[in-house]
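Asks: If you scroll down you'll find the structure; I have some questions about it.
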Amino acid sequence: MENTEKIVVLACEMLSQEIRAAMAEAGLDCETIWVERALHDYPDRLRAELQSRIGLIQADTILMAFAQCGNAPVGLEARGAQLVLPRFADCIHLFRSFQPGDPGQVDPRTLYASPGFLEERGGLLRDYDRCLARYGEKKALRMCRALVRNYRYITYLDTGTADPAAFEPLVRQRAEILDLEPTACEGTTRVLRKLFSGPWDDEFVIVPPGGRLDMSVFLSGPPAVQPF
């Protein structure tokens with residue numbers, strides 16, 4: 001990255017602890033625009049919000065601290081700035097990629113919980129609260145546990161940016177509600193640090209000004225964009 005290049009970070013609020021730590025470690029001090037974490041549950045709304053923010057940003061490069069995220073970035077149009085974002089299926093795979101070329105090792109039996117995930121009473125807990133108010137505890141537990149019947153664990157993802165002891169009660173609370181076994185595993189902010197410091201190699205999608213982000217960029221091979 002050239003020193004004269006104007007960079008803006010467009011960041012997911014859900015990952016705020018990891019993003020702030022990675023920016024500090026990479027030595028990047030620039031404008032950061034946070035996108036509401038609750039939009040993760042609604043990919044179409046998240047896409048619309050991202051496109052709106054992109055259209056307003058005046059910069060040479062927008063570093064997007066997101067991943068594929070339910071295909072929310074697919075179809076985004078770069079306007080006056082190039083877009084750079086990690087080429088990972090989701091933030092869990094991103095945090096589980098310990099070396100270049102590693103897509104992130106994830107256990108399909110595990111529901112992963114980062115600090116940002118645990119801080120928000122959204123997703124399954126929001127569904128539980130709604131069911132609890134409408135049907136009572138017994139039926140609410142049965143309905144929510146049915147949604148995670150293919151999972152065995154709920155695992156705290158420790159990226160080294162927060163005190164695990166502070167989040168242990170939240171993990172155990174969710175484990176009890178969902179009838180899952182609470183565990184913990186190691187994560188890393190390696191990919192975020194690389195996003196903020198470079199180089200932007202095949203682990204990243206680069207959309208030049210005037211390009212549109214195509215679904216194919218998240219498949220194997222070099223980045224691909226379409227003009228619009």
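Asks: Can you confirm whether segment 203-220 contains a residue that is among the charged types (D, E, K, R) and within 17 Å of residue 99 (Cβ to Cβ)?
Replies: Let us first name the residues in segment 203-220 that are among the charged types (D, E, K, R), namely 203, 212, 214.
Still in the running and within 17 Å of residue 99 (Cβ to Cβ): 203.
Within segment 203-220, one or more residues are among the charged types (D, E, K, R) and within 17 Å of residue 99 (Cβ to Cβ).
Asks: Among residues belonging to segment 73-87 that are closer than 16 Å to residue 196 by Cα and within 13 Å of the chain's Cα centre (by Cα), point out the one that is surrounded by the most Cβ atoms within 10 Å (Cβ to Cβ).
Replies: Restricting to residues being closer than 16 Å to residue 196 by Cα and within 13 Å of the chain's Cα centre (by Cα), the top hit is 85.
Asks: For segment 64-115, give me the residue count where each residue is among the basic types (Lys, Arg) and either closer than 18 Å to residue 201 by Cβ or outside any loop (DSSP other than H, G, I, E, B) (or both).
Replies: First, the residues of segment 64-115 that are among the basic types (Lys, Arg): 79, 87, 96, 109.
Add one more test, that the residue is either closer than 18 Å to residue 201 by Cβ or outside any loop (DSSP other than H, G, I, E, B) (or both), and what stays is 87.
Qualifying residue count for the region: 1.
Asks: Take residue 214 and tell me if it is buried (at least 16 other Cβ atoms within 10 Å of the Cβ) and either at pLDDT below 95 or within 30 Å of residue 25 (Cα to Cα) (or both). Please lay out each step first, then the result.
Replies: Numbers: buried (at least 16 other Cβ atoms within 10 Å of the Cβ): yes; either at pLDDT below 95 or within 30 Å of residue 25 (Cα to Cα) (or both): yes.
Criteria met by residue 214.
Asks: Let me ask something else. Is it true that some residue in segment 146-160 is assigned to a helix (DSSP H, G or I) and out of contact with any Asp or Glu (no Cβ under 8 Å at 6 or more places or on another chain)? Spell out the reasoning first.
Replies: First, pick out the residues of segment 146-160 that are assigned to a helix (DSSP H, G or I): 146-147.
Cutting the leftovers down to out of contact with any Asp or Glu (no Cβ under 8 Å at 6 or more places or on another chain) gives us 146.
The answer is yes, given that some residue of segment 146-160 is assigned to a helix (DSSP H, G or I) and out of contact with any Asp or Glu (no Cβ under 8 Å at 6 or more places or on another chain).
Asks: Taking the conditions exactly as written (among the aliphatic types (A, V, I, L, M), outside the structural domain of residue 120 (by TED's automatic domain parsing) and under 15 Å from the mean Cα position of the chain (by Cα)), does residue 38 satisfy them or not?
Replies: On the way: among the aliphatic types (A, V, I, L, M): yes; outside the structural domain of residue 120 (by TED's automatic domain parsing): yes; under 15 Å from the mean Cα position of the chain (by Cα): yes.
Yes, satisfied.
Asks: Can you pull out the residues in segment 36-62 that are out of contact with any Leu (no Cβ under 8 Å at 6 or more places or on another chain), of a type in the set (Asp, Glu) and closer than 12 Å to residue 12 by Cβ?
Replies: Selection gives 36 alone.
Asks: With respect to residue 164, determine if the residue is closer than 28 Å to residue 9 by Cα, outside the structural domain of residue 36 (by TED's automatic domain parsing) and either touching a strand residue (DSSP E or B) at 6+ places or on another chain (Cβ under 6 Å) or surrounded by 18 or more Cβ atoms within 10 Å (Cβ to Cβ) (or both). Can you show your working first?
Replies: Numbers: closer than 28 Å to residue 9 by Cα: yes; outside the structural domain of residue 36 (by TED's automatic domain parsing): yes; either touching a strand residue (DSSP E or B) at 6+ places or on another chain (Cβ under 6 Å) or surrounded by 18 or more Cβ atoms within 10 Å (Cβ to Cβ) (or both): yes.
When the stated conditions are applied, residue 164 passes them.
Asks: Considering only segment 124-138, I want to know if a residue exists there that is modelled with pLDDT of 90 or more, farther than 22 Å from residue 42 by Cα, of a type in the set (Lys, Arg) and in a helix (DSSP H, G or I).
Replies: yes
Asks: Hey, another quick one. Quick check: anything in segment 134-157 touching a residue at least 12 places away in the same chain (Cβ under 8 Å) and closer than 28 Å to residue 29 by Cα? Show your work before the answer.
Replies: Taking segment 134-157 as the starting set, the residues that turn out to be touching a residue at least 12 places away in the same chain (Cβ under 8 Å) are 140-141, 143-145, 147-148, 150-157.
When the remaining residues are screened for being closer than 28 Å to residue 29 by Cα, the result is 157.
Yes, segment 134-157 contains a residue that is touching a residue at least 12 places away in the same chain (Cβ under 8 Å) and closer than 28 Å to residue 29 by Cα.
Asks: Of all residues being small (Gly, Ala, Ser) and not in a helix (DSSP H, G or I) in segment 169-188, which is nearest to residue 111 (Cα to Cα)? Just the residue, please.
Replies: Within segment 169-188, the first condition is being small (Gly, Ala, Ser), and the residues that meet it are 175, 184, 187.
Next, only the ones that are not in a helix (DSSP H, G or I) stay: 184, 187.
Numbers: 184: 11, 187: 14 Å.
Step by step, filter segment 169-188, then rank; the result is 184.
The values are calculated or read from the model by the stated rules, or taken from the named source; none is laboratory data. What you see is a predicted model, and the numbers here were worked out from it, not measured in a lab. Heads up, the Cβs are rebuilt from the backbone with ideal geometry, glycines too, and the neighbour counts pull from every protein chain shown.
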